[in-house]
Each structure stands twice: as structure tokens, then as C-alpha cells.
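Shown next, in C-alpha cells, is the structure this report addresses.
The values are calculated or read from the model by the stated rules, or taken from the named source; none is laboratory data. What you see is a predicted model; the values in this text were computed from it and never measured. Note that we place each Cβ from the backbone using ideal geometry, even for glycine, and neighbour counts take in every protein chain shown.
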Amino acid sequence: MSQPLKRIGIAITITVLVFLALLYWSVSSTPKDFSTCNLLEIESINNVNFKNHDSVLVSASFLYKPNEIKKLMQGEQYRQAWAAPIKAPVVFLDTLFGGVDILKEGGGKQTHSLKLKGKNGIIYTLRSINKDPEALVPEFLKALGLENVVIDGISAQHPYGAILAAEIQRLSGVIHTHPKVVFLPKQKTLSNYNDKYGNRLYLLEYETEGAVNWTQLNDVTELLDTEDLQELKIEKADAVRINKDMMIRTRLVDFIIGDWDRHAKQWGWAIQKNESGYEAVPIAGDRDNAFFNVEGIVPSILSNKNVVPELRPFKEDIQFLEGMVYPFDRYFLFNTDISIFTDQAKYLQKTLTDDKLEAALNVWPENIVKLDGHTIIKKIKARRDKLMDYAIKFKDIIDAKGVLEEPLKGSEDLNLENGLLQCFECK
């Protein structure tokens, strides 16, 4: 081997060893255990009668506090927002909305949640702000002692992103679930759920399915999840259609706020009865990944389009739109006229003015605005300005990928004829 090649080999070896050393140093600096929120100004949580408090000062998590090595390797992300104090109202289930009953546990692989039913029949949900990504950690990372790469990755999610996302949706004329930050202390009504769900910080919001309409839409018969919408389609056939204008508008808002995690299980549908049949209006749920901030060496590697293509960082430009287009989009929007895409892009560009976007930050506490608000709004404005290009490319990607060849996520057990398996309005 020639001397130049030997030098290159030595340089590569040293680089790899330095990278591994820094990586292990970085991941060892954060606890591997799941933790919940941190109450401030309260010395002993077990000696507090929360009935005497209408609110508490709380930080979402101290788990993600960084050092310089961690910021280099795993990024700054939203670590300061997770540790920042906010005031959260205290809620008790026996008085919330006049009293609610616990229906069941819910949530995905990261989020702990409780579904609640009010006396008016409306379904609500408490979704934990603190995430437990243990189920997402691959065995090989555990074997290598690198599980903290996934656990610490939650710092890329903004703990209060869903609140700002809902305000952007409201300004856009899109249905949202009205999330509100609350603190749920241990209480008698939680019963067997106390240990898992008590003394934690949550987003309280409307559920995207249920028999009672909570939206502002008229003539809504029920709120369905995507699987139940498909079953309605089987039963009613061509009498059931989706509102493509609102579907595309909602998806373009997803692009604006950088919400890359939009699979079929995260949507509900408001079913409106009209003279010609039924129209399904989309309701986007689960805004955990809005404004997903990828920084640092390791997250940047993972978010490369050739590594995890759907893990899209929230920057001023969407550099790989293909990663944000789901089978869900192809299923509901295949063979949709380009004019709907462009019309909705024009509408959002006209509606989401600079003044409105800047005023949207008022939904956040002042200290959170100072940390992240203006940077996020700057990125939103940049994406809004490029929205027409995104809309046209969105249409092109859907058409290029074509109809589905396997069931949409969540509908694997449905007996779908070939047309309904491929897309919602295929003949």
C-alpha cells in the first residue's frame, strides 16, 4: 500500500474513533430513564393539596439539559424550551367540563394518553407532553449502549408546538383539536391510573372521533377515524366523498409547520350530511412533530434523505418533499385536479400574512416566545412564500407514485375491493 493511501486509512480510522468517543460521551451524559415534568416552587409533591391550587409553575422536563459535547453531537434542538418554566392550570376529572369519565388508555409508541367522555357525550383526550420512546429503541442500539440517541431525540420536538400549530390551523380555516396545556395531579378519580398518569403535564384536546360533534361545522352526523370512514364508503359507495379542498389545505399547512408525521392513524373525519350524500372533512390530530428541529451531527445524519427519508427537519425550505408525502396522500388525493392544489396554496399565501403569523405567538408564554417563537415564525414565512412550488410538486409526487398496492395503514383487516384498496375514489 502506498504512503498516501496509508495516511488516508489512518485519518479515516482516527476520525471514526473520535466520532465514536464523542458519541458515547454525549449519550452517557443524559439519563436513560423516562422522566415526567418538574414542579417548581413546590418542595414535596406528596404533601401538596392541589385542590388549593388553580395553577402550578412547571417545567416539561430537565432530561434534555445539554453540555457542549451533547450540543455538538446531538444538537441544541428545543432543550431550553423543555426546561423552561411555564404556568399550567390544575385540572381534576370530577369537575373538568362538569365531570368526565375515563374511557380507556390510548396513545402511540411514545405518548401516554387517556380518552375521556364528558356528560355531553363529547370525547376528549389527555396526551402526555413528556414522551416515553422506549418502544422505539431498536435492540441493536440497546446492545451498543446507544439507546439515548432515540431517547434524547425527543428534544427535537417542541413541548408546546401543538399549541402554536393549532393557532396556525385556526388562521388557515382548518379544523384543529384545540389543545391546551394542563397539569393533572394524582386524584381519586384516576383510581388505578394514578401511578402512571398522575402528577403529569398534558395536552387536553378534543378527540378526532366520536358520536357528538364538537367542530363548528353544521350537519355533522359523527366523527370517524380513517378505518371507519372506509367502512362507511363500503356501505354508501359513491354517496361518500371527501372534501378535497380542505384535505389539500390541511396538508399544505402540514408543510408550512413542518409536521412530517402524518400517517393514516393520525386523522379523523367530520361527516357532513348533505343533499347528495355525505362529505368527509379532515381533522388532523397529533401535532407532536410540528416544527421538528434537527441539529447536531447524529440527528443530521439520521435525517438525511437516504437514511430516514420521512424524518424531515424544520428549516426555511423543504429539501426533500418526497419524504413528507404518505400513502395516505396517494389514497385520498390521487387523480385530483391541479387547480385545487394551486388554489389552496394561493389562499394560504394570502391568508397567512406576516402580521397574523407574528400575532399567533401570543398563544405561547412570553419566555417560550423569546426562546423559539421568532425563529419558528421566520421559517413559516419562508415556507409560505414557497408554497405554490410545494403544492405543484406535491401533486406531481402523488401522480408519479400512483395508487396503493396494499391496504392503507389501519385498514389491513377490512375486506376492501380492489378499487377501494387502491384509492378512496377509484372506480
Right, Pro282: buried (at least 22 other Cβ atoms within 10 Å of the Cβ), within 20 Å of the chain's Cα centre (by Cα) and either assigned by TED's automatic domain parsing to the domain that holds Trp82 or farther than 30 Å from Glu425 by Cβ (or both) or not?
no
In a helix (DSSP H, G or I), farther than 26 Å from Glu207 by Cα and of a type in the set (Asp, Glu): which single residue out of Asp238, Asp254, Asp228 fits that description?
Asp238
Checking the structure you have, find out if any residue of segment 168-187 is in a helix (DSSP H, G or I), surrounded by fewer than 20 Cβ atoms within 10 Å (Cβ to Cβ) and touching a residue at least 60 places away in the same chain (Cβ under 8 Å).
yes
Name the one entry in Ala270, Ala290 that is outside any helix (DSSP H, G or I), in contact with an Asp or Glu (Cβ under 7 Å, 6 or more places away or on another chain) and closer than 20 Å to Ala166 by Cβ.
Ala290
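From the list Glu275, Glu227, Glu231, pick out the single residue that is acidic (Asp, Glu), free of Cβ contacts under 8 Å to residues at least 24 places away in the same chain and farther than 30 Å from Leu184 by Cα.
Only one candidate passes the filter, namely Glu275.
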Pull up segment 44-82, narrow it to residues that are in a helix (DSSP H, G or I) and buried (at least 18 other Cβ atoms within 10 Å of the Cβ), then point me to the one that is farthest from the chain's Cα centre (by Cα).
Phe50
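Within segment 417-427, identify whether any single residue is of a type outside the set (A, V, I, L, M, F, W, C), on the phi < 0 side of the Ramachandran plot and within 24 Å of the chain's Cα centre (by Cα), and answer yes or no. Outline the logic, then answer.
Narrowing segment 417-427 to residues of a type outside the set (A, V, I, L, M, F, W, C): 417-419, 422, 425, 427.
From what is left, the residues that are on the phi < 0 side of the Ramachandran plot are 417-419, 422, 425, 427.
Restricting the remaining residues to those that are within 24 Å of the chain's Cα centre (by Cα) gives none.
No; the residues of segment 417-427 include none that is of a type outside the set (A, V, I, L, M, F, W, C), on the phi < 0 side of the Ramachandran plot and within 24 Å of the chain's Cα centre (by Cα).
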Matching residues, segment 194-204, being in contact with a helix residue (DSSP H, G or I) (Cβ under 8 Å, 6 or more places away or on another chain) and surrounded by 23 or more Cβ atoms within 10 Å (Cβ to Cβ):
Leu203
Looking at Asn335 and the list (1) over 20 Å from the mean Cα position of the chain (by Cα); (2) part of a loop (DSSP other than H, G, I, E, B); (3) crowded, with 19+ Cβ neighbours inside 10 Å; (4) not hydrophobic (A, V, I, L, M, F, W, C), which single condition is not satisfied?
(3)
Condition check for Ile318: closer than 19 Å to Val174 by Cβ, outside any helix (DSSP H, G or I), in contact (Cβ under 8 Å) with a residue 12 or more places away in the chain and of a type outside the set (Asp, Glu):
yes
